[in-house]
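Taken together, the values in this text are just the output of simple stated rules run on the coordinates, not laboratory data. Every value quoted in this text rests on a predicted model; they were computed, and no experiment measured them. Positions of Cβ are backbone-derived with ideal geometry, glycine not excepted, and every protein chain shown enters the neighbour counts.
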Amino acid sequence: MIPFELHGVPREQISYGAQKVTDGLQAAGYQAYVVGGAVRDLLLKRIPKDFDVATDATPEEVRRVFRRSRIIGRRFQIVHVMFGEEVVEVSTFRSMIEAEDAQTDEHGRLLRDNQFGDREQDAARRDFTANALFYDPSTQEILDYHNGYADTRKRLLRMIGDPLVRYREDPVRMLRAVRLSAKLGMQIDAATAAPIAGMKNLLDNVPQSRLLDEVLKMLLSGHSVECIQQLRKMNLHHGLLPLLDVILEQPMGEKFVMLALRNTDERLSQDKTVSPAFLFAALLWHEVLAAWNLRVQQGERPVGAMHEAMDEVLARQKEQLAIPHRHDAVMKEIWLLQQRFEQRAGQRPFRLLEQPRFRAGFDFLLLRCASGEVNDELGLWWDEFQDASIERQAEMLQPEGAGDKKRRRKPRKKPQAVANEPVA
Ligand code: ATP
Ligand code: MG
């Protein structure tokens, strides 16, 4: 038990909803604690994303304590308790099934972990010691079964139990180690890091959708660049996640992709939104460009070739990447806008400004400028044009037909013609 005097996290740092939930459950005679990432983040002086609560009350019992709540999930039920905007996730203590009767697949992966358990068992089934701390808002005490307090203070990410066994139970924990250490600036403990190199093939047995979830969490963690660097260092990137292969193995696209990731990290650090569709559009852009160039070289008209190229790339990556279809429309819009940025005569620039996706398309254009794919001048022109007075806009417009002629006289610059080929 770590007293308040030692850890210094006051009750007020717990969200309103989580305080209400723990108070309510305790008043009804149950145990209730704030658990997991939130306690860890508070100790690291970071603002938690959300507050999860663990209790010995069953989901039905939790449901009975809070009027505005609902039971979620079938395999392992949790309860969402609503307080205005805030949703607090409440889960009943779970146990890790004993090794002998655990249900695992032939590689040792846990197929069920949905047994109710006690508090101590619930701590033991969690992944890292820093993630297994229980905070009681009414006493302001932290319960620590696995030395997580000291590890967190040392910024050490350490697996609970035998890392080999724990990675076999759930290989995604390897990726969680990478993501959490990058995001939180924690060092992965040597014994926790060591087995990863030899076990990465286990990720092949994890369902694609779970991998994509975890990769997305990395890309949207606000520390995507560090995550990618860490994955490379641990040799986890290669042949492991098709999505990451696409990112890292496009010779010409890499600069663009890294810029896009850096840009995403920056936006997140400024509390701006980032859309997964924008990110996916960036990841696949150089594939689209390569397919488009090929078609144009074969004599297809540019706009038609762009539609064909987009469909081709989306169809191809569907087999490998599991990027959900629902992002297709926005990705295509962003890509199609790129051609229209080159048309700077007549009414066309004004029509472009009115496009609902103009902002995303323009941000995308700026990335293309920064990566050296297109001339900075184009980005600067649009930067000025969108906010300019009507008089200035009229001045800025190019003579009708100029854009077309220019494009024909000066075909694309070298990077695009060989977009996907290795640099000699
Ligand atoms: P984040 O800040 O990204 O939310 P988190 O640690 O809170 O990080 P969650 O996915 O929200 O991550 O999980 C909440 C808690 O559930 C974790 O802190 C950990 O205790 C436990 N947990 C999550 N995933 C696993 C896993 N694969 N194996 C064991 N325990 C896990
Ligand atoms: Mg969390």
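With a cut-off of 12 Å between beta carbons, the residues surrounding residue 9 carry a summed charge of -1, where Lys and Arg count +1 and Asp and Glu -1. To the nearest ten degrees, helix 253-269 and the longest principal axis of the Cα atoms of the chain are 50 degrees apart. Using the Cβ of residue 56 as centre and a radius below 10 Å, the other residues enclosed give a net charge of -2, where K and R count +1 and D and E count -1. Largest first, the three principal axis extents of the alpha carbons in the chain are 77, 49, 38 Å in whole numbers. Calculated FRET efficiency, residue 213 and residue 325, Cβ-Cβ r, R0 22 Å, to nearest 0.05? The pair residue 213/residue 325 has a calculated efficiency of 0.85. Cα axis of helix 16-27 to longest principal axis of the chain: angle in degrees, 0 to 90, nearest 10? So the inclination is approximately 20 degrees. At q = 0.10, 0.17, 0.21 Å⁻¹, work out log10 I(q)/I(0) for segment 1-159 with the Debye formula, treating every Cα as an identical point scatterer and leaving solvent out; two decimals please. Listed by q, the Debye log ratios stand at -0.36, -1.01, -1.39. Positive-end ranking of 274, 42, 390 along the dipole of the chain, with charges on Cβ about the Cα centre, is headed by 390.
Ranking of 165, 53, 88, 206 by neighbouring Cβ atoms within 10 Å, starting from the fewest: 165, 206, 88, 53.
Here is the P(r) of segment 21-96: all C-alpha pair distances, binned every 10 Å from 0, give 20, 52, 26, 3 in whole percents. Listed by chain and number, the aspartates and glutamates whose alpha-carbon sits under 18 Å from that of residue 183, ignoring those within fewer than 8 places in the same chain, are 41, 50, 127, 151, 213, 214, 226, 265, 266, 271. Assuming charge only on the beta carbon of Lys and Arg (+1) and of Asp and Glu (-1), the dipole of the chain about its Cα centre is about 1220 debye to the nearest 20.
Axis of helix 328-340 versus longest Cα principal axis of the chain: the two differ by about 30°, to the nearest ten degrees.
In summary, the convex hull built on the alpha carbon positions of segment 127-184 has an orientation-averaged projected area of 4.3 nm².
Summing charges over neighbours of residue 358, with a neighbour being any other residue whose Cβ is under 12 Å away from its Cβ, gives +1 when K and R count +1 and D and E count -1. Computed over segment 327-366, the range of Cα coordinates on each principal axis works out to 32, 17, 13 Å, biggest value leading.
Taking the Cα centre of segment 288-342 as origin, sum charge times position over the Cβ atoms of Lys and Arg (+1) and Asp and Glu (-1), and report the length of that vector in debye to the nearest 20.
On the way: 7 positive and 8 negative charges, 12 e Å.
Charge dipole of segment 288-342: 60 debye, to the nearest 20.
Between residue 355 and residue 116, the simple label model (points 7 Å from Cα in the Cβ direction) yields a spacing of 5.6 nm.
Which residues make up the longest stretch of the chain that has no GluC sites (Glu not before Pro) in a DSSP loop with at most 12 other Cβ atoms within 10 Å? Looking at the chain, 107-353 is the longest stretch - no exposed GluC sites (Glu not before Pro) with at most 12 other Cβ atoms within 10 Å. When the pairs 200/272; 272/332; 45/233; 20/49; 45/318 are compared against a 29 Å limit on Cα-Cα distance, 200/272; 45/318 fall above it.
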